[in-house]
1. Give just the number: which of (1) touching a residue at least 12 places away in the same chain (Cβ under 8 Å); (2) surrounded by fewer than 24 Cβ atoms within 10 Å (Cβ to Cβ); (3) in contact with a Phe, Trp or Tyr (Cβ under 8 Å, 6 or more places away or on another chain) does B:Ile146 not satisfy?
2. Hey, among B:Leu183, B:Leu166, B:Leu232, which residue is surrounded by fewer than 21 Cβ atoms within 10 Å (Cβ to Cβ) and either closer than 30 Å to B:Ala271 by Cα or within 20 Å of the chain's Cα centre (by Cα) (or both)?
3. Please determine whether any residue of the range B:95-108 is within 21 Å of B:Glu187 (Cβ to Cβ), modelled with pLDDT of 90 or more and either not assigned by TED's automatic domain parsing to the domain that holds B:Phe215 or not aromatic (Phe, Trp, Tyr) (or both).
4. Of all residues being within 25 Å of B:Val192 (Cα to Cα) and among the β-branched types (Val, Ile, Thr) in the range B:116-130, which is surrounded by the fewest Cβ atoms within 10 Å (Cβ to Cβ)? Just the residue, please.
5. Suppose the filter is part of a helix (DSSP H, G or I) and surrounded by 19 or more Cβ atoms within 10 Å (Cβ to Cβ); does B:Phe277 pass it?
6. Could you tell me which numbered condition B:Arg250 fails, if it satisfies all but one of (1) of a type in the set (D, E, K, R); (2) more than 14 Å from every other protein chain (Cβ to nearest Cβ); (3) not in a helix (DSSP H, G or I)?
7. For the range B:329-361: of the residues being of a type in the set (Asp, Glu) and more than 18 Å from the chain's Cα centre (by Cα), which is nearest to A:Arg92 (Cα to Cα)?
8. Mind listing just one residue for me: the one in the range B:162-187 that is touching a residue at least 12 places away in the same chain (Cβ under 8 Å) and aliphatic (A, V, I, L, M) and, of those, farthest from the other protein chains (Cβ to nearest Cβ)?
Amino acid sequence: MFQQQLLNGILLGSLYALIALGYTMVYGILELINFAHGEIYMIGAYSAILILALLTSVHSSPPVFFLFLILLPLSMILTASYAATMERIAYRPLRNAPRLSLIISAIGMSLFFQNYVMLTQGARDKVFPQDIAKDLSLWLSEVFQKFFPPESLTPTGLTLFGAQLSFVDLLTILSSIILMVILQLFIKRTKTGKAMRATAQDVNMCKLVGIDVDRIIRVTFIIGSSLAAAAGVLIAANLKYGRVHYFMGWIIGLKAFTAAVLGGIGNIPGAMVGGFVLGIIESLAAGFISSEYKDVYAFVILITVLIIKPTGLLGERVPEKM
Amino acid sequence: MKRFSWILWPIWMGLLTLPFMRIRGSLFVFIALTLGILLAKVIVPFIKSLEISSLFNLKSSITNLKSQITLHRLPFKIGIVLLLLFLPPFINRYHMDVITTAGIYVLLALGLNIVVGFTGLLVLGYIAFYAIGAYTYALLNTHYSIPFFLALPIGGFTAYLFGFLLGSPVLRLRGDYLAIVTLGFGEITRLVLNNWDEVTRGPNGIAEISRPVIFGFTFREPLHYYYLILILVLLTIFVTVRLTRSRIGRAWEAIREDERAASSMGIHVTAMKLLAFAISAAFAGVAGVFFAAKQTHISPESFTFWESALVLSMVVLGGMGSIPGVVTGALTLIIFPEILRGFEDYRMLLFGVGMVLMMRFRPQGFLPPKRRTIR
């Protein structure tokens, strides 16, 4: 029971962490709580289903590994385009406006995206095609056979420390960890990453030394939304959770934001740690205290953290920007 | 080349909407945007060329009208009140119901304005206090049959208490954190109402709440509620105006303008913020009691984050810190969608777009507050 809840928590936490990264990166630079970020995640999940429908209409049964290779990047690109357009239309013109205007604009965008998807795709749940999900699971089992001892494998997943984990769950956790490692390398090793860190510290100074701040902000939105899209695609492919609907982004967006605050908002490793910690706490509390209140725990944690240690787990004291 | 770069926008939007709207939908987006931009390209220079002659007159006549209104402020206000008093015979029950709903939102927006507009603190879970007021009345009434007019102050006071308890640890934090904590509080309130079945009866909500009764007279018609909310709104406006002109109101404004300066002038910043927060919660509590009495049936789904966002947009679109502005904002956001009933499905979409556009082109709101200054 404990191990099972722990694994579920890690799975949930990996999704929270992916989404929280987008919140934290945008907040780090713009000091904006990007309310539309949950909707970006929702668009990611829809993109997966729509692109899949497009691909299957071109080729009746495309090979699974090919699908897997192409579906994730394509959905990420489509979602990132949405986020970049949103940034250009709703946020960039407000660069010098008070922060309240930005937040209202973000709430407006969030409303817009929810209704846009509801009107174009209908209010009913969408589900990832069953047969493709099955093929994906089969293919994953072939791949994972090479890495895990045969006694831990079952037809649908594997047994770890007495807990069950399906292949898609494992894929979710692994891909989110890989994406986070890539992000960390990007931030630490590339010139753009360095510019992003610099912009988060001091926008005006960056302008002085010739960094194109608008471009950096766009890149930030693109990266953050790609990660959220990846979370959306992975959850859509997971039939256990995979009901895709137009308001799916709202509550998970709030929780991911909680994760970002928990880890210290503006702090990238903090968001990852915060995501996993939040996922594990929530899952354990749902298992051992009461599952009815599983959505409440996140907010109780949020308020407690803000009152006791507002800088979060890994955040350092930031002086209030004037 | 640069002259035609605008054509990239419709192409980009068309491509972006292609997976979601299919070929026909995205073609529609493309054509509509192209036409829209072309039209704007023609019309905007046209208006600009006109500006020197006719628009100038229009502008001056608007300022003229404004000064007329300010000059005859009192008669103007009395006129509006009289209009509202004698309106009911000329409108039907449905219109009265819409106006009553708008009145509830005016109460909420005025309350939120105290904390967002006057004191400059962002609160995102305001609807929680509305829910607390509504459930206070619903529970007291169904269990102990407390009448409406007694519950009105009790509901307000309960919300005040919750505001005080939430505010005292939280208001010492930086601005953004307050927004997040109140957002979390709003969600917790809704989730608890939804799950605490023994007390709140969960998602089904509480039914059969008594209507207001005074001296044996029961409020049941939309007309009765219309006058009741009118009185409440006028009372609230009066209280708010008096508050802003008091020592407390001036302290709030000072905090909004510059916290450090206010503090060095001897204002107890945290205490004043706490007062603003709790008073604004009390307003929401009163509105909640009225809501429960009007609906006679309440459930947690009336108290979602979108309601908080709606009230916040009323305050921001109307003009933060301006009482006529906030009232206008609330009336617009409730009555305008009712006019748009034909576009029912597209309402919220347009609402979202409207919020973004408003922030882009007129962030100070419809009627920004006039500063009382000495120059």
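The values are calculated or read from the model by the stated rules, or taken from the named source; none is laboratory data. These numbers were taken from a predicted model, which means no experiment stands behind them. Here the Cβ is made from the backbone with ideal geometry for all residues, glycine too, and neighbour counts use every protein chain on show.
1. So B:Ile146 meets the others, but not (1).
2. Only one candidate qualifies: B:Leu232.
3. Within the range B:95-108 (the criterion being within 21 Å of B:Glu187 (Cβ to Cβ), modelled with pLDDT of 90 or more and either not assigned by TED's automatic domain parsing to the domain that holds B:Phe215 or not aromatic (Phe, Trp, Tyr) (or both)), the answer is yes, since at least one residue qualifies.
4. B:Ile127
5. Judged against the criteria, B:Phe277 is a match.
6. Going through (1) of a type in the set (D, E, K, R); (2) more than 14 Å from every other protein chain (Cβ to nearest Cβ); (3) not in a helix (DSSP H, G or I) one by one, B:Arg250 breaks only (3).
7. B:Asp345
8. Only one residue fits best here, namely B:Leu171.
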